[in-house]
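Undergrad: Quick one: the structure is below, and I'll ask about it shortly.
The values are calculated or read from the model by the stated rules, or taken from the named source; none is laboratory data. Everything quoted here is computed from the prediction, not taken from an experiment. No Cβ is skipped: glycine too gets one built from the backbone with ideal geometry, and neighbour counts run over all protein chains shown. Each accessible area value is taken on the protein alone, full model and side chains, heavy atoms only, with ligands, DNA and RNA left out. Shrake-Rupley method; radii C 1.70, N 1.55, O 1.52, S 1.80 Å.
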Amino acid sequence: MDLYTRCSSCHTTFRVTTQQLQRSGGQVRCGHCESVFDAFATLTAQEPQLESREPAASAAQPPREDQAAVEASTRAKFTESPISRKAKPQLVRPDPAASLYEWEFRMPESPRRTLLWTLLALTLSMVVAVQAAYAFRTEITLLLPQTHAYYARLCESLGCIMGLPKLSNYLHIEASDLKAVDPSHPNEIQLSLSVRNRAPLELAYPAFELTLTNSMGQPVARRVFLPAEYLPPAAQEPGLPAGTELPIQLYLDTGALRAAGYRLYLFYP
């Protein structure tokens with residue numbers, strides 16, 4: 001890109017390039033009056049409308065001499081000695097083209113709605129917190145028993161149900177048995193098991209899975225029994241009280257299956 005500078009002595013205009021200015025440190029010799037001047041002082045990107053202007057070829061270059069000799073003489077007259085250079089570091093001049101056209105590289109900044117985004121984030125956080133408090137109400141009352149009364153009044157007004165805790169780790173099968181009711185009908189079997197609640201609080205009734213296996217221990221049939229399928233119709237308690245034992249007895253028809261063993265697994269769906 002072409003730039004223009006003007007001699008400080010005779011005011012002659014020259015066309016120069018950034019490579020020339022950076023190579024000479026901005027110190028150029030006027031081709032009209034032979035004076036050395038700082039080209040950065042009058043540097044511009046627009047060509048001045050002056051009558052006295054040297055041609056571009058001779059304006060940017062020193063007189064027709066050996067280039068190394070001209071630069072050496074210029075440095076000897078207008079630069080500091082090597083000793084003073086070590087004591088005082090030289091400042092590097094920036095690229096003149098970059099300083100003149102800096103506006104081309106600036107991107108417009110969009111306005112920041114900080115307050116609006118902050119209020120939106122707080123509102124979403126409150127909504128998530130309320131949903132979590134409602135979805136995990138049973139677990140919260142288990143960890144914080146003092147909140148049970150507040151949740152009870154809330155569910156009474158909203159029509160929700162305060163479920164019992166579901167802690168399968170505190171449920172254990174104390175005893176179980178699977179046998180044929182009548183030897184003449186091997187497909188009719190009776191399942192008996194006893195489930196104990198070892199937790200210090202009442203727990204919800206669990207579901208259990210029955211897996212029938214063959215003589216090789218491989219499963220041949222599997223079924224899940226929910227509380228409504230094994231509880232007696234006259235069951236009074238909404239859950240299994242703390243420290244109590246629940247006896248379960250079911251009569252099953254296995255059809256053509258001949259089971260040699262079985263497995264039981266308690267869980268909450």
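Undergrad: List, in order, the whole-Hz ³J(HN,Hα) value for each residue of the range 14-22 obtained from phi through the Karplus relation with A = 6.51, B = -1.76, C = 1.60 and θ = phi - 60°; use x for Gly and Pro.
TA: Calculated HN-Hα couplings, in order: 10, 9, 10, 10, 5, 5, 5, 5, 5 Hz.
Undergrad: Is the shape of the range 146-269 best called rounded, prolate or oblate, per the rule: a/c under 1.5 gives rounded, else a/b larger than b/c gives prolate, else oblate, with a ≥ b ≥ c the square roots of the Cα gyration tensor eigenvalues?
TA: Note, shape of the range 146-269 comes out prolate.
Undergrad: Another question, if that's okay. Name the residues whose placed amide hydrogens come within less than 5 Å of the amide hydrogen of residue 220, ignoring near sequence neighbours (fewer than 5 apart) on the same chain.
TA: Those qualifying (amide H under 5 Å, at least 5 residues apart or on another chain) are 212, 213, 214.
Undergrad: Still on this model: If Lys and Arg each add +1 and Asp and Glu each add -1, what is the summed charge of the other residues whose beta carbon sits under 15 Å from the beta carbon of residue 185?
TA: Around residue 185, the surrounding residues sum to -1.
Undergrad: Quick check: pseudo-label points 7 Å beyond the Cα along Cα→Cβ at residue 22 and residue 244, how many nm apart are they?
TA: Distance between the two pseudo-spin positions: 8.9 nm.
Undergrad: Just to be sure I understand: if I project the alpha-carbon convex hull of the range 218-269 onto a plane and average over all orientations, what area do I get in nm²?
TA: 5.2
Undergrad: Can you tally the net charge around residue 247? Count Lys and Arg as +1, Asp and Glu as -1, for every other residue whose Cβ sits under 12 Å from the Cβ of residue 247.
TA: -2
Undergrad: Right, next: Given a 1.4 Å probe and the protein chains all in place, what does the accessible area of residue 141 round to, in Å² to the nearest 10?
TA: Probe radius 1.4 Å; accessible area of residue 141 about 20 Å².
Undergrad: Skipping prolines and chain starts, which residues have an amide H placed within reach, meaning under 5 Å, of the one on residue 16, given they are 5 or more residues away or on another chain?
TA: Hits under the 5 Å cutoff: 3, 4, 5.
Undergrad: In square angstrom, rounded to the nearest 10, how much accessible surface does residue 160 have for a 1.4 Å probe?
TA: 30
Undergrad: So if the hydrodynamic radius of the range 123-175 is defined as the Kirkwood radius over C-alpha pairs, what does Stokes-Einstein give as its diffusion coefficient at 37 °C and 0.692 mPa s, in µm² per second?
TA: 259
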